[in-house]
1. What is the distance in Å between the Cα centroid of region A:176-201 and that of region B:65-110?
2. List the distances, in nm to one decimal, from the label point of residue B:280 to the label points of the same position in every other copy, shortest first, placing each label point 7 Å from Cα along the Cα-to-Cβ direction.
3. Find the centroid of the Cα atoms in region B:6-53 and in region A:1-34, then give the distance between the two in whole Å.
4. 7 Å along Cα→Cβ for the label point: how many nanometres lie between residue A:15 and each equivalent label in the other copies, listed shortest first?
5. From the label point of residue A:174, set 7 Å along Cα to the beta carbon, how far off in nm is each other copy's matching point, shortest first?
6. With bins 5 Å wide starting at 0, give me the P(r) of region A:6-165 over every alpha carbon pair, in whole percents.
7. Once you have all Cα-Cα distances for the protein assembly as shown, histogram them in 10 Å bins from zero and send the whole-percent values.
8. When all alpha-carbon pairs of region A:170-229 are counted, what percent fall beyond 20 Å?
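Only the coordinates and a few stated rules stand behind these numbers; no lab work does. Keep in mind that what you see is a predicted model, and the values were worked out from it rather than measured. Methodologically, a virtual Cβ is constructed for each residue, glycine included, from the backbone with ideal geometry; neighbour enumeration extends over all protein chains shown.
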């Protein structure tokens with residue numbers, strides 16, 4: 001099954017890459033340097049998990065309108081990408097490389113990296129706003145817009161990122177660690193799955209169920225990340241391990257212990273899948289993908 | 001008249017300040033430091049010209065719904081403010097002070113200033129999205145949203161800002177200078193006046209007329225700025241003069257000469273006011289404000 005899901009994900013990733021490519025700006029005009037910096041980072045690869053979760057949720061709830069879902073798929077990936085560009089800046093994580101590729105500020109300089117991040121965040125909303133049609137369907141699109149504007153923001157991703165940055169070298173409580181994980185990681189997954197459901201016309205209750213599933217999968221993913229930093233080898237993980245301990249960083253494992261952490265990953269995952277199985281809709285690939293994400297090796 | 005318009009502007013500014021205050025986030029939670037940095041810069045003063053132009057345009061076209069226009073007024077000021085925070089960063093203009101007050105990165109550090117800018121840009125869309133009602137009125141609100149998402153972006157303000165940053169030390173053409181002025185300055189004025197018109201139910205043609213007026217007023221404002229840098233004293237202007245010449249910066253005056261520049265300010269202003277006077281609606285204060293902006297002393 002592991003080979004099969006990896007192969008399936010690769011195919012879905014390729015499919016999403018081709019959608020994303022059609023939403024990137026052409027590199028021309030007096031502002032072309034910022035457009036190049038945006039595209040450089042958008043083209044840096046990755047599994048495109050967020051637009052994938054959005055599309056699969058949309059399909060599961062019976063969504064059929066490509067022109068409605070695709071602008072939102074591009075938008076969520078732009079928001080994810082802007083957050084990487086700004087996170088990598090010298091004043092924040094100061095990373096020169098990401099996935100073996102030079103980061104935007106190394107290639108284009110800090111000024112353009114800041115502007116490219118701003119550009120992607122703003123262009124996400126501009127792109128999604130192309131889904132409006134000027135008729136009554138806009139009432140549903142507006143609901144998706146509200147989610148796109150709130151989950152990545154100060155009460156979502158930026159909120160989690162702020163707490164992570166500000167309290168990086170402090171002892172933090174489990175409550176704050178969960179706040180960081182929920183907002184920095186789960187928020188965009190919630191955003192993706194909720195928008196997929198909303199645009200397909202799911203009920204309020206179903207949207208709420210998807211939000212809960214996404215939050216649990218995000219938490220399982222992040223706790224698993226803390227576990228792998230201790231139990232894995234650099235070879236298995238494809239990045240240095242032990243960095244959390246070395247940085248004296250409070251993680252889920254340092255607070256709750258390895259055994260409990262592993263049990264909690266399992267509990268969050270099981271709970272998410274149980275909720276998923278209560279839905280009167282099926283998407284086997286999405287179910288496998290959620291299981292893969294919460295228990296992934298890399 | 002000059003005393004009178006200054007007094008009127010002050011009263012309108014006070015009125016807008018009270019609206020803005022009600023849309024700022026409460027400084028609490030694990031992310032409160034970013035909220036404090038956002039509010040610090042939002043509370044740094046200024047005339048609040050953009051929300052003022054938006055509200056006056058809305059009123060002129062007969063708009064009456066405070067709960068519809070106010071979220072957009074707050075949003076445009078948040079977008080303007082985020083652009084100031086990021087412009088002032090060391091990698092961009094590297095300004096320690098703005099209007100005699102320390103800039104955000106001086107008070108809160110660079111990491112939080114970057115996040116506060118991101119936070120304000122994102123929160124602008126979150127705030128405006130509160131104007132959606134879940135009924136057919138959302139079709140109009142969606143049109144306003146499209147303008148809010150496009151004018152400040154890569155084909156608007158960020159585009160102009162990019163060209164300004166990238167070509168700062170180069171000889172630039174009049175075409176590029178106009179691109180910078182139109183996008184860096186006019187775009188948010190266009191955004192404000194178009195949204196005021198759209199939300200009040202103006203026709204496509206009227207919205208287009210307001211866009212043209214706003215562009216001309218923005219250009220007159222910016223050319224006047226170039227002129228004052230040469231003809232004014234530091235005392236009159238309240239900021240250092242001659243900085244453009246000192247920095248060998250290409251300005252409208254260096255390209256077209258002082259006499260032509262002054263004539264062009266007049267021509268853009270006259271053309272804007274002529275267009276304004278063709279409208280079947282009246283707002284004397286808005287007309288005076290446009291005249292004030294294009295010919296202002298400071």
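1. Going from one Cα centre to the other spans 28 Å.
2. Here the equivalent label points are 5.2 nm apart from this one.
3. Using only Cα atoms to place each centre, the spacing works out to 39 Å.
4. Copy-to-copy label distances at residue A:15, shortest first: 5.5 nm.
5. 7.1
6. 2, 8, 17, 20, 20, 16, 10, 4, 2, 0
7. All Cα pairs considered, the percentages come to 3, 16, 27, 26, 16, 8, 4, 0.
8. Result: 33 percent of Cα pairs exceed 20 Å.
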